[in-house]
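The values are calculated or read from the model by the stated rules, or taken from the named source; none is laboratory data. Every value quoted in this text rests on a predicted model; they were computed, and no experiment measured them. Cβ: placed from backbone, ideal geometry, glycine included. Neighbour counts: every protein chain shown.
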Amino acid sequence: MKGKNRADWKKIIKSTLWSLADLSSDFPHAFYLSYEDLPSHLKQCFVLCSLYPEDTVFERSELVYLWLAEGFLCDDGALSFLELGIEYYKELIVRNLLEVSGGYYDQICCKMHDLWRSFAGYLGNGDNFIMREGELPSRSEPLLKLRRLSIEGTVVDLDFLNKEKYLRTLLLVYNSMGEFLSNALVSFSHLRIVDLYKSNISSLPDSFCGLVHLRYLDLTGSLLIALPNSIGKLRNLVFLGLGGCLWLSDFPSSIVNLLELRFLSFHNTTIEVFPVGLRKLEKLVELHGFKPDTNNSKGLSSLEDIGNLSQLSKLILCSLEKASDITVAKEAKLKEKGQLKTLILSYTPNQGREDPTTFEEKKVAQDVINALSPPPSLEILQIIGYFGLQLPNWLHVGINLSNFQFLRFLELTECECISQLPPVGQLPNLDLLRIKGAISVISIGQEFLLDDSKGRTRKEVSHSSILPFSLLNELDFHSMSCWEEWLWEEKQLAMPKLKKLFIKNCPELSSLPKGLLHHATSLEVLQIDAAEQIKSVQDLQSVKQIHVANNPSLERISNLPNLSFILISNCPNLEILEHLKPFHRMELWDIQIETLPKYLIMAMPEKLTVWCSKRLLLKIINLEAGSSEWQKFEHIPVVKIYSHDESFYATYQKEPFSFTTNIPGKSRAAAQ
């Protein structure tokens, strides 16, 4: 419970909740106190999350639109529903009622701890019900208060549903009853939310569109083949999720009558065109998967129809190789969309062809992307599969610095024809930079940190004099097959906040730059995987975690005074680990080695875990303490050695001495 002063804590200590007898003993009293401390609007948002199964990963926008559909959010004048929902989301995370799910940028995904989920389910009992496989409601009478139902499993008795005419929310979780329910749902005229995520439903009956109160319909990842022609009758629909419906190939023309729609996703479907009238959906906040019409055909929407969607906050444009009309691209008016925060520009993969485009096609692609210049409000930008020879002019931020002052995340993926990375070092708030599949880049040099001053006034040059990558937290280089050198001079200050550096599948890179060693003084996590020419990793004073894998030329790891954890996998020529202070943990993965590596003698971890071949594990077990293999690890306090499939293991403890294994006949195979 955050923000409490002394008086607040006294009230909590004196709270009668500590002594109430009618509280369930299944949950600590502190849970009730945390819940009671929530404002009423957050209580209902919290309880709604319990309808989903354990370990569900929620996307932030998914929760916000669920809360909107339930009536928990509304525009309050100062904040839009989206801003308000994000504030609710952040508040629940700060209070630890939702926990951030790792691996996603900007806390965009979260989970609910099992205990909190059970507690929220207990609080919602009566209004909410979770039906699991083989279960029935505890009462034979109608559940008069039942408003929300979550069905888990494939074998459930749904006869009781005939009595529940006031159901407002229905979630179908991991089952194949979508086809059956699509016909049954029409009798529940009060439904607001229907979530059929990854169900086996292939179609919706026309009668389904009589659910006039329906606001949220999620068919993501389902087997849907077609939407009913009458879909436009769902006039209150604000969320329509169709992403990943691989069999869905077109929209009925009535879709443009969904004038309340805020969210529309048909990303990763086979839908190629959108019916004319997209411009009518003026309330759209998120549009995922729009593809330009190649021929500017009548009866179909084109890029210029996006120009009317002034409320867009997130936009995913796909198959941009089809766009050839620069004038139409300009009419998309991206630069005028002051609410736009996330933009993804995607091109169809070349599917292994060496050079699928002509020079003229590359020039057209470059002109079109130049015309799709984003607004200053942009925070997240991804360009995927772009095949132009140069990145768009608007990414030369030395000239356009003021246009991107809020940009925090930049990803360039499979931009295979560009030979030089953009000078994005001057972006003042860039937090994460990911470069993947830039196979034409041979060298990264000074231009990456600072834009040159050609053609710029003295004023423009002075405005670009901020420390390069001043707030960058994470830098990823991935699958850059021709990248040979990274030039960063020792005298050039840059990246003072960099904490994570990932280099993967860069087989020609020979070394880390001196500037990184001297100036990335906040670097804590370093991963180098499949950098086949790198021979040494050393002199990184701040690094705490290092992962090195599949680096056949690596010989030395040295002078990492703050190291806490190291993982080494398939580095056969690594011989030297030196100038490392005692550290916490070490992992070694290599099923090819015949003996333990000699560098273990120089390593001083508190714990060592080894994954190796069963053959090597048996060799170690059969040797007496004091043998050459034992000498490599007997100085380490705790050692665990596993066969590669973890079916067999051995454990060693230095003090008090013990050595055990699950290999039959070897349970205590060594004596001190």
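Structural remarks
- Top-ranked residue in region 291-332 [being charged (D, E, K, R) and in contact with a Leu (Cβ under 9 Å, 6 or more places away or on another chain); ranked as nearest to Glu414 (Cα to Cα)]: Lys291
- The set of residues in region 195-213 that are assigned to a loop (DSSP other than H, G, I, E, B), under 16 Å from Leu237 (Cβ atoms) and within 29 Å of the chain's Cα centre (by Cα) contains only Leu196.
- Qualifying residue in region 526-534 (condition: more than 25 Å from Leu467 (Cα to Cα) and either more than 29 Å from the chain's Cα centre (by Cα) or in contact (Cβ under 8 Å) with a residue 60 or more places away in the chain (or both)): yes
- Yes/no for Phe251 being closer than 19 Å to Cys209 by Cβ, in contact with a His (Cβ under 8 Å, 6 or more places away or on another chain) and buried (at least 18 other Cβ atoms within 10 Å of the Cβ): no
- If you go through region 266-324 and pick out every residue that is of a type in the set (Lys, Arg) and farther than 21 Å from Gln382 by Cβ, you end up with 4.
- Among the residues of region 105-126, those identified as free of Cβ contacts under 8 Å to residues at least 24 places away in the same chain and either farther than 22 Å from Leu167 by Cα or in contact with a Lys or Arg (Cβ under 6 Å, 6 or more places away or on another chain) (or both) are His113, Gly126.
- Of the helices (runs of 4 or more DSSP H) that lie entirely inside region 1-119, those containing 1 or more residues that are over 24 Å from Leu149 (Cβ atoms) and at pLDDT below 85 span 6-14, 29-36.
- Filtered by the rule that a residue be under 18 Å from Leu82 (Cα atoms) and not hydrophobic (A, V, I, L, M, F, W, C), region 291-344 gives Ser310, Gln311, Ser313, Lys314, Lys337, Gly338, Gln339, Lys341, Thr342.
- For the condition in contact with a strand residue (DSSP E or B) (Cβ under 6 Å, 6 or more places away or on another chain), buried (at least 19 other Cβ atoms within 10 Å of the Cβ) and small (Gly, Ala, Ser), Ala549 does not qualify.
- Unique match (being under 17 Å from the mean Cα position of the chain (by Cα) and crowded, with 16+ Cβ neighbours inside 10 Å) among Phe46, Phe58, Phe72: Phe58
- Scope region 527-561; condition in a strand (DSSP E or B) and within 17 Å of Ile444 (Cβ to Cβ); matching residues: Ile528
- Total residues in region 191-228 satisfying the condition of being in contact with a Ser or Thr (Cβ under 6 Å, 6 or more places away or on another chain) and among the polar types (S, T, N, Q): the figure is 3.
- For region 624-647, the condition holds for no residue, the condition being that it is closer than 18 Å to Val525 by Cα and not aliphatic (A, V, I, L, M).
- Only residues that are farther than 20 Å from Ser564 by Cα and basic (Lys, Arg) were counted across region 505-549, and they come to 2.
- Selection count, region 179-194, where residues are in a loop (DSSP other than H, G, I, E, B) and buried (at least 18 other Cβ atoms within 10 Å of the Cβ): 3
- Any hit, region 241-259, residues being within 17 Å of Val64 (Cα to Cα) and within 25 Å of the chain's Cα centre (by Cα): yes
Let's see how each residue does on (1) on the phi > 0 side of the Ramachandran plot; (2) aliphatic (A, V, I, L, M):
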site	(1), (2)
Leu211	no, yes
Gly232	no, no
Gly244	yes, no
Asn268	yes, no
Ile271	no, yes
Glu282	no, no
Glu286	no, no
Gly289	yes, no
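- Every pair of residues 6+ apart whose Cβ atoms lie under 7 Å, when the first sits in region 638-655 and is at positive phi while the second is β-branched (Val, Ile, Thr) and exposed (fewer than 15 other Cβ atoms within 10 Å of the Cβ): none
- Residue in region 354-371 that is out of contact with any Ser or Thr (no Cβ under 6 Å at 6 or more places or on another chain), in a loop (DSSP other than H, G, I, E, B) and within 18 Å of Leu309 (Cβ to Cβ) present: no
- Inspection of region 502-511 finds a residue satisfying the criterion of being assigned to a loop (DSSP other than H, G, I, E, B) and acidic (Asp, Glu).
- Among the residues making up region 635-655, a single one is aromatic (Phe, Trp, Tyr) and more than 18 Å from Gln592 (Cα to Cα): Tyr652.
- Checking each residue in region 441-468 for being part of a loop (DSSP other than H, G, I, E, B) and modelled with pLDDT of 95 or more picks out Val441, Ile442.
- Residue tally, condition without any contact (Cβ under 8 Å) to a residue 40 or more places away in the chain and not in a loop (DSSP other than H, G, I, E, B), over region 272-297: 6
- Count of residues meeting criterion [basic (Lys, Arg) and farther than 26 Å from His584 by Cβ] in region 607-666: 4
- Checking each residue in region 333-361 for being over 23 Å from Leu242 (Cα atoms) and at pLDDT 90 or above picks out Lys333, Leu334, Lys335, Glu336, Lys337, Gly338, Gln339.
- For Lys499, the conditions (1) at pLDDT 95 or above; (2) touching a Phe, Trp or Tyr at 6+ places or on another chain (Cβ under 8 Å) all hold with the exception of (2).
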